[in-house]
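Worksheet for the structure shown next.
The values are calculated or read from the model by the stated rules, or taken from the named source; none is laboratory data. Worth saying up front: this structure is predicted, and the values here are computed from it rather than measured. Heads up, the Cβs are rebuilt from the backbone with ideal geometry, glycines too, and the neighbour counts pull from every protein chain shown.
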Amino acid sequence: MNNISDLVSRLRERGAGSVALQFPAGLKRKAAGIADTLSRQGFSIIISGDPCYGACDLSLELLDYADVLVNFGHTPLLAHPKVLHVPFRVDFDPVVVCSALPLLKGTAIGIITTAQHTHMLPAVMEVLRAEGYEPFFRTAGGRTPEPGQVLGCSFEAARILGVSDILFIGTGVFHPLGVQLATGAHVVALDPLSGQSVEVDAGKFLRRRNALIEKARLADHIGIIVSTKPGQARLELGKHLISLSDKAYLVFMKEVIPDELLNLGFGAYVSTACPRLAYDDQIRFPVPVLTPGEFEILCGVRHWEDYTVDEML
Ligand code: SF4
């Protein structure tokens, strides 16, 4: 982990004696080594063994046992005086961006990425300028405090006026798909580690979502999931959604687990929790899990033509 000495200084500044550590799945194997390092510096350590999907998902209950909670792998989302964040940075060769150039339609390019790579943006911009392109990025703030940063629940940094294309630099298909749905722009996704790039086409995805809405329409009862996680709780949205249908009920959940949805037995659900649950995890769920906007379409208060990706802005 690249910034442990900086973390030690920040913990000392706060006078922390006991420290709770929280990691996302991909970094959990680093927990014991980081605990060793911090213990040697005199801190008393506890480790959260629960899942952590983002900075929306802080184990604040551990502050009953520790002076400070350190969340690894994410940028800050909820301001809390006893929480520190240590984002995880991944370098790449900025010249890799040249492999995406043949897919771009113009020369004014909006650049977006995830928190692992935001520190690489200046080097990427330099390469693009040397190739004759005009790169732009914006800092959206709020849930995405870093330059060019997008999250699975916020594509605000991709709303860049006057560009011909949006270039997403990162792994996976969900973020660039969300960006295309949020902006309507021509989006190219570049995996900076493999050098593979693709043009994003949301058509197939939208056809699948439309089929899910129609399947959910057949349900006798619909559970409106409201998360109890601090950065995912959208109770007011949940209340709005149950007002649209007399067969919808609020269902409060911390972890949205397929078996629990099966046990509850509703014919369909709507997730007001992390938007990625409805989109990315649908394949795991026994019944349709819609987004709030999709439920509005089902209830006839939104037209399919006004489909929009679910975001927490
Ligand atoms: S709500 Fe979902 S996409 Fe947003 S930060 Fe949390 S886990 Fe990530």
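Kindly check whether there is at least one residue in segment 56-79 that is part of a loop (DSSP other than H, G, I, E, B), within 15 Å of the ligand (Cβ to nearest atom) and farther than 20 Å from S154 by Cβ.
Yes, the conditions are met somewhere in segment 56-79.
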- Item | Lone qualifier among R138, R159, R129 - being closer than 18 Å to A202 by Cβ and more than 15 Å from the ligand (Cβ to nearest atom) | R159
- Report whether or not G152 is within 13 Å of the ligand (Cβ to nearest atom) and modelled with pLDDT of 95 or more. yes
- Query: When residues of segment 212-241 are filtered for being within 16 Å of the ligand (Cβ to nearest atom), of a type in the set (V, I, T) and not in a loop (DSSP other than H, G, I, E, B), how many remain?
  - Reply: 2
- G73 passes all but one of the listed conditions (1) outside the structural domain of A35 (by TED's automatic domain parsing); (2) at positive phi; the exception is number (1)
- Top-ranked residue in segment 103-123 [being of a type in the set (S, T, N, Q) and more than 14 Å from the chain's Cα centre (by Cα); ranked as nearest to F174 (Cα to Cα)]: T118
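With of a type in the set (S, T, Y), surrounded by fewer than 15 Cβ atoms within 10 Å (Cβ to Cβ) and either out of contact with any His (no Cβ under 7 Å at 6 or more places or on another chain) or not assigned by TED's automatic domain parsing to the domain that holds P81 (or both) as the only criterion, which of S39, S48 stands out?
S39 is the lone residue from the list that is of a type in the set (S, T, Y), surrounded by fewer than 15 Cβ atoms within 10 Å (Cβ to Cβ) and either out of contact with any His (no Cβ under 7 Å at 6 or more places or on another chain) or not assigned by TED's automatic domain parsing to the domain that holds P81 (or both).
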- Query: Just for segment 41-55: of the residues that are out of contact with any strand residue (DSSP E or B) (no Cβ under 6 Å at 6 or more places or on another chain) and away from the ligand (no atom under 14 Å from the Cβ), which one is farthest from S18 (Cα to Cα)?
  - Reply: G49
